[in-house]
């Protein structure tokens, strides 16, 4: 704090001039006031986010009863377990496939919404954003019921097309498909709305110029829309990658990791091991494996944000 | 927007009027066609919730068309709304959300103001730090937090695990960073002349915040409030980890733990509960969609 006061005093010396002493105390108050205003935030983030994040590193180095330090013992144990590698594989399949399709669907739908006259856009936007608004725990229950093994509404409908009953959540491959499908359903509207905002910010003159130069529809997208939207596409994708990678509710409610652990991702397996299996250190070790991916995504997002800040 | 579409077609219209407008009409038709498909996909689960919630359990287990209600009944709604358990869940959810929104706003509005306007030592780093915090998922923190609260209970005798108010402590970790982040963006967009004038007129920092920043950035504050509410209403992992007794549960966890007993699913009631649980965010969204969307787009893009 002393440091703060000294620094702002120097600023006063330059800017102030007359009435130096009263201004000095005012600006002294300013830094103090600013610090006090951010103090609750600093405490919250420090105690409930930063501390636990590092604490989980410590936890990961303890044995099951949390009495003995085992170093990398938990990690060694994980590396030897087949389930762990299954979880790694599934987390990657889940996150990459889901984000890819969300981005693709979001991009296409945003174009359709952008295409139609402005008067009706609000209505469509409203309907398309509904999956994003409903709490995922609630909507996943509806999907669970749609996928129900004996009364599945999907299978009932498919039977009219001669497609046999599909074991939506019972078979490993179909369970993965179902989990990803629900994730796409929940997340695609976010992309749609972000891309729509980006599309609206592309100046029309660019399209006019492209049209005059004889660019066709595909060329307009490739040479005008995509370069203009690059930043937002990148940031939204990275952002969604973090959220999807760390997803919990959808997998937990739809399959609870089954059948035979074939849909577990890091978060659900950490819950299974840490809370249900009451092996907190092992659970913490599992969830720590999300960190590298999150860190890489965060670095890229931050770089992007800073770049934008400098341009402005 | 209507002007935009006209502009786009304008330069070529003189040259070949017919084909261009025909292309345009085709594009429009296809747009509506695909939008209808996507809207159906979007609205399918909530619609199915509604259909099922109006059925009796006899009709649900009968092998009839699942997409149609033959004998609509409100019995599921009556049962859920009069059940003490569910009233408790609603009450807990509402309490938690209202408190969390209040706490979030009390913390993040002043913090965002200070970070946007009052440069001080480390303010830029702190703003970035807030954004990074927002990127840390709750799935990484629930185990250490669980252990911390358990240890806190052993140490002080104050029990936090399995009390609904523990959620008031942990939810702000999700809402505060995001709300602060979007509010920094809103506050930063307010012209400097406005608050400089206020300071010259002798307003204190607190007065500048309450008389100028809060009224001017009101849309941003509404957006942040909606977000804080939606996040705390929808949160599933934290209540699942930190609460277990029936009387401490919030709605999403309550529905899942009380209505699913082993392999027996009371689907009529589950769907009714899920629909009622989805209703508050949907209603707020129906009225304040523009703020919601503004917040959504501001959150991830504003630097």
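Estimated from helices alone, the mean residue ellipticity of chain A at 222 nm is -24000 deg cm²/dmol (sum of -39500 (n - 2.57) over DSSP H runs with n ≥ 4, per residue). Peptide B:278-286 has a mean shielding of 4, counted as Cβ atoms of other protein chains within 10 Å of each residue's Cβ. Note on chain A: GNM, Cα springs under 10 Å; of A:40, A:227, A:136, the largest mean-square fluctuation is that of A:40. Legend: mean number of C-beta atoms from other chains within 10 angstrom of residue C-beta atoms, peptide A:46-54, equals 6.
Potential lengthening of the chain between residue B:28 and residue B:43 amounts to 3.2 nm, from the contour at 0.36 nm per residue minus the alpha-carbon distance.
Of B:55, B:29, B:261, which has the largest mean-square fluctuation in a 10 Å C-alpha GNM of chain B? Evaluated over chain B, the most mobile residue of the options is B:29. Computed packing ranks the peptides B:99-111, A:196-208 as B:99-111, A:196-208, most packed first, by mean other Cβ atoms within 10 Å.
A crude spin-label estimate for the pair residue B:214 and residue A:58, with each label 7 Å from Cα along the Cβ direction, gives 3.9 nm. When the alpha-carbon atoms of segment A:40-146 are used, the pair Rg, Dmax equals 22.2, 66 angstrom.
In plain terms, the residue of B:118, B:49 with the fewest other Cβ atoms within 10 Å comes first and the most crowded comes last, giving B:118, B:49.
The distance from the alpha carbon centre of segment A:60-90 to that of segment B:173-204 is 46 Å, rounded to a whole number. As a rough guide to protection, the peptides A:147-157, B:189-199 ranked by mean Cβ packing within 10 Å, highest first, stand as A:147-157, B:189-199. Between residue A:204 and residue A:50, the contour length at 0.36 nm per residue exceeds the Cα-Cα span by 50.9 nm. GNM on chain B, alpha-carbon springs under 10 angstrom: the most fluctuating residue among B:92, B:71, B:84 is B:71.
Determine the shape class of the protein assembly as shown: with a ≥ b ≥ c the square roots of the Cα gyration tensor eigenvalues, call it rounded for a/c under 1.5, and otherwise prolate if a/b is greater than b/c, oblate otherwise. Oblate, since a/c reaches 1.5 and b/c is not below a/b. For the peptides A:265-275, A:84-94, the ranking by mean Cβ contacts within 10 Å, running from highest to lowest, is A:265-275, A:84-94. Listed by Cβ neighbour count within 10 Å, with the fewest neighbours leading, B:23, A:213, A:261 appear as A:213, B:23, A:261.
Estimated from helical segments only, the mean residue ellipticity of chain B at 222 nm is -25000 deg cm²/dmol, where each DSSP H run of four or more residues counts as -39500 (n - 2.57).
Distance between the C-alpha centres of segment B:242-303 and segment A:104-176: 18 Å, rounded to the whole angstrom.
Spatial offset of segment A:179-212 relative to segment A:225-272 amounts to 21 Å, using the alpha carbon center of each.
So, R0 is 35 Å and r is the distance between the beta-carbons of residue A:230 and residue A:69; what FRET efficiency does that work out to, to 0.05? About 0.15, to the nearest 0.05. A Förster radius of 22 Å combined with the Cβ-Cβ distance from residue A:160 to residue B:70 puts the calculated FRET efficiency at roughly 0.75. Among A:124, A:174, the ranking by other beta carbons within 10 Å of each residue's beta carbon, starting with the fewest, stands as A:174, A:124. Within segment A:58-98, name every residue whose backbone N is under 20 Å away from a label modeled 7 Å from Cα of residue A:300 along the Cβ vector. Output list for this probe position: A:88-98. Per residue of B:31-39, other chain Cβ atoms within 10 Å of the residue Cβ number 6 on average. Once the Cβ-Cβ distance of residue B:82 and residue B:106 is raised to the sixth power relative to R0 = 60 Å, the FRET efficiency obtained is 0.95.
Each reported figure results from applying straightforward, stated rules to the coordinates on display, with no laboratory input. All values reported here derive from a predicted model rather than from experimental measurement. Note: ideal-geometry Cβ built from the backbone for every residue, glycine included; neighbour counts use all protein chains shown.
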